[in-house]
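Trainee: The structure that follows is given in the form of structure tokens.
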Amino acid sequence: MNMPMGTSVPDYRGMSLEDLDVSDPRMFQYDYWHELFARLREECPIHYQPDSPAGPFWSVTRYEDIVAIERDTETFSSEPSIAIIDPEPDMILKMFIAMDPPEHDDQRRAVHHVVAPRNLQEFEALIRERTIEVLDSLPEDEPFDWVKLVSRDLTTKMLATLFDFPWEERNKLTKWSDMFTSDVRITAGEGYAREVIIEHITACLQRFTELWHERKGDGKEAFDLIRLLQADPNTENMVDDPLTYMGNIMLLIVGGNDTTRNSMSGGVVFLNQFPGEMAKVRQNPDLIPSMVSEIIRYQTPLPHMRRTTTRDVELNGRKIAKGEKVVLWFVSGNYDDAVIERPNDFWIERPSVRNHLSFGAGIHRCMGNRLAEMQLRILWEEALQRFETIEVVGEPKRTCNLFIRGFTELPVKVGRFQS
Amino acid sequence: MTVITFIQHDGSERMVDGDVGLSLMETALKHDVPGIDADCGGGAICGTCHCFVEVSDDLPAPDSQETAMLGLRPDRADNSRLACQIMVSDGMADITVRLPEFQM
Ligand code: HEM
Ligand code: FES
């Protein structure tokens, strides 16, 4: 686990329930969160924490309770924010992820077509080409950082491909996405200050507005997310409402960046931890789609979403007052053995493997889930064909962020098949 | 015996016998009828079992959760339903459902 001197794993089993801290991102950085959520699920499935850097909040940790809340969007609102921290009043992007019906439904329906399976087929060949390029350029028989050379590089290239973003500027996309999700208050001080984030989001809006105008009516036969927005009557004038345009662009960038990236890294780690599963998928590549679902469950790249109560409500015997923050811990629900059989096993032939909470549930269920699965499927189809061995050769380093479970470094060595 | 007809987007048809107590979604999976993904396994919380009911007797109306999920579908029609929410019941008339081009 390689924790720095002076830090240690909290004694989650020994302390009183009131003292359990569910807001410390180091539980993901040093991967010691299992015990915390296991205790909460057993003894205090609806937990109240009166004090944290993000203020007081409730934690919901059982699968069925999370689903019940996801179904009741009237009582558990996604406004004003789905992050533990409230947005600053000076920059409220209009994102439908943080809206309730009916506005949420209208906005989501308007943009959903950009990631509809029909359009994904158009993207598939290009994404495969980029994936092959990245894998073919990896060093042979010497350690390299999989996060940097594969996960990060590939998701950045995929994002640039989806937006047809100027290729030489593509790293900006990753930068913007990273900043947007790295507020200092959820990163144990390691993130960016508010002013810096706002500065970059403004730059992002500017660039995407330019691209919109360049493309509008240029008559080119091309296929990208901006043109898809322009081509649909529901969204053809979206640029005139900058907060909505930016909100949607941000959602697409952020939604598809860390999440997919970290699943790409997670897969390597899990297949190394469970060599039997690696052997199975090598023998039967038809298992790749179900392995992809299992990777996404096991990783749970977005560990939580937040809701806010619109009235006093009782849940599992606990009284929650109106206006309180309620955090849905998908990462805990995904390891809840009341619903998920042998949750700690990475098991690619798991029955009902698609039944997990990594994409959330209900009306906010991830809009990009098919796209994410396609990207991961292509990665593993190509990687397993090329590499006889994919070995983790050092301790992975993990992200210090309460909102994101992922990897910042993953030393890997690959060996190619000799043909 | 209730006969359930699934019409694929390409027009091809499959007729299968319905089992009382199973949903149309479960019936499709049981008989390997493609076109229904059922990511959530029947909880009306994923929307990937969307179908269009072409022929049926009166069915119980969708509840609020089903209505909410259907409200997200860009391809929603008046006869849209979630296949996991339609149960085959005793003495139910034959039913024909069309499946969308894709689930999402
Ligand atoms: C493995 C990859 C991904 C994971 C784990 C993931 C996870 C999630 C989660 C947990 C939610 C919230 C669900 C809820 O509140 O119930 C969500 C919503 C969303 N995701 Fe993803 N996501 C992934 C990939 C993507 C991609 C590639 C896109 C890009 C199109 C995307 C776009 C969105 C959007 C637009 C929403 C908002 C949906 C709504 O509020 O109606 N996601 N995602
Ligand atoms: S199977 Fe998920 S909504 Fe029907």
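Trainee: Any residue that is under 23 Å from A:Arg194 (Cβ atoms), crowded, with 16+ Cβ neighbours inside 10 Å and among the charged types (D, E, K, R) - is there at least one of those in region A:93-105?
Mentor: Checking region A:93-105: at least one residue is under 23 Å from A:Arg194 (Cβ atoms), crowded, with 16+ Cβ neighbours inside 10 Å and among the charged types (D, E, K, R).
Trainee: Something else: Scan the helices (runs of 4 or more DSSP H) fully inside region A:87-163 and keep the ones with 1 or more residues being within 11 Å of chain B (Cβ to nearest Cβ), at negative phi and out of contact with any His (no Cβ under 6 Å at 6 or more places or on another chain).
Mentor: Fully inside region A:87-163 and qualifying: A:103-112, A:117-136.
Trainee: Can you say whether A:Met3 is part of a helix (DSSP H, G or I) and touching a Phe, Trp or Tyr at 6+ places or on another chain (Cβ under 7 Å), as far as the supplied structure shows?
Mentor: no
Trainee: To continue, here is another question. Taking region B:54-71, which residues are within 16 Å of ligand 1 (Cβ to nearest atom) and outside any helix (DSSP H, G or I)?
Mentor: Result: B:Gly71, single match.
Trainee: Scan region B:10-53 for residues that are touching a residue at least 40 places away in the same chain (Cβ under 8 Å), away from every other protein chain (no Cβ under 14 Å) and open to solvent by 10 Å² or more (accessible area, probe 1.4 Å) and jot them down.
Mentor: Across region B:10-53, the qualifying residues are B:Asp19, B:Val20, B:Gly21, B:Leu22, B:Phe52, B:Val53.
Trainee: In a strand (DSSP E or B), open to solvent by 10 Å² or more (accessible area, probe 1.4 Å) and more than 16 Å from ligand 2 (Cβ to nearest atom) - does that describe any residue in region A:330-342?
Mentor: Checked region A:330-342: no residue is in a strand (DSSP E or B), open to solvent by 10 Å² or more (accessible area, probe 1.4 Å) and more than 16 Å from ligand 2 (Cβ to nearest atom).
Trainee: Among the residues of region A:26-37, are any more than 19 Å from A:Thr187 (Cα to Cα), open to solvent by less than 70 Å² (accessible area, probe 1.4 Å) and touching a strand residue (DSSP E or B) at 6+ places or on another chain (Cβ under 9 Å)?
Mentor: yes
Trainee: Does region A:64-81 include one or more residues that are over 26 Å from A:Thr235 (Cα atoms), touching a helix residue (DSSP H, G or I) at 6+ places or on another chain (Cβ under 7 Å) and open to solvent by 20 Å² or more (accessible area, probe 1.4 Å)?
Mentor: Yes, there is a match, as at least one residue in region A:64-81 is over 26 Å from A:Thr235 (Cα atoms), touching a helix residue (DSSP H, G or I) at 6+ places or on another chain (Cβ under 7 Å) and open to solvent by 20 Å² or more (accessible area, probe 1.4 Å).
Trainee: Does A:Arg350 fit the bill of being within 14 Å of chain B (Cβ to nearest Cβ), away from ligand 2 (no atom under 16 Å from the Cβ) and among the basic types (Lys, Arg)?
Mentor: yes
Trainee: From (1) farther than 17 Å from A:Ile390 by Cβ; (2) open to solvent by 10 Å² or more (accessible area, probe 1.4 Å); (3) not acidic (Asp, Glu), pick out the condition that doesn't hold for A:Ser293.
Mentor: Every listed condition holds for A:Ser293 apart from (2).
Trainee: Now for a different question. Is it the case that some residue within region A:288-309 is within 16 Å of ligand 1 (Cβ to nearest atom), within 14 Å of another protein chain (Cβ to nearest Cβ), part of a loop (DSSP other than H, G, I, E, B) and in contact with a Pro (Cβ under 9 Å, 6 or more places away or on another chain)?
Mentor: Within region A:288-309, not a single residue is within 16 Å of ligand 1 (Cβ to nearest atom), within 14 Å of another protein chain (Cβ to nearest Cβ), part of a loop (DSSP other than H, G, I, E, B) and in contact with a Pro (Cβ under 9 Å, 6 or more places away or on another chain).
Trainee: Applying the selection to region B:54-66, what residues are open to solvent by less than 60 Å² (accessible area, probe 1.4 Å) and either within 13 Å of chain A (Cβ to nearest Cβ) or of a type in the set (Gly, Ala, Ser) (or both)?
Mentor: Once the filter is applied, which keeps residues that are open to solvent by less than 60 Å² (accessible area, probe 1.4 Å) and either within 13 Å of chain A (Cβ to nearest Cβ) or of a type in the set (Gly, Ala, Ser) (or both), region B:54-66 yields B:Ser56, B:Gln65, B:Glu66.
The values are calculated or read from the model by the stated rules, or taken from the named source; none is laboratory data. Just so it is clear, the structure is predicted and the values come from calculations on it, not from any experiment. Because the Cβ atoms are built from the backbone with ideal geometry, glycine has one as well, and the counts that use them run over all protein chains shown. Keep in mind that these areas ignore ligands, DNA and RNA; they rest on the heavy atoms of the full protein, side chains included. Shrake-Rupley method; radii C 1.70, N 1.55, O 1.52, S 1.80 Å.
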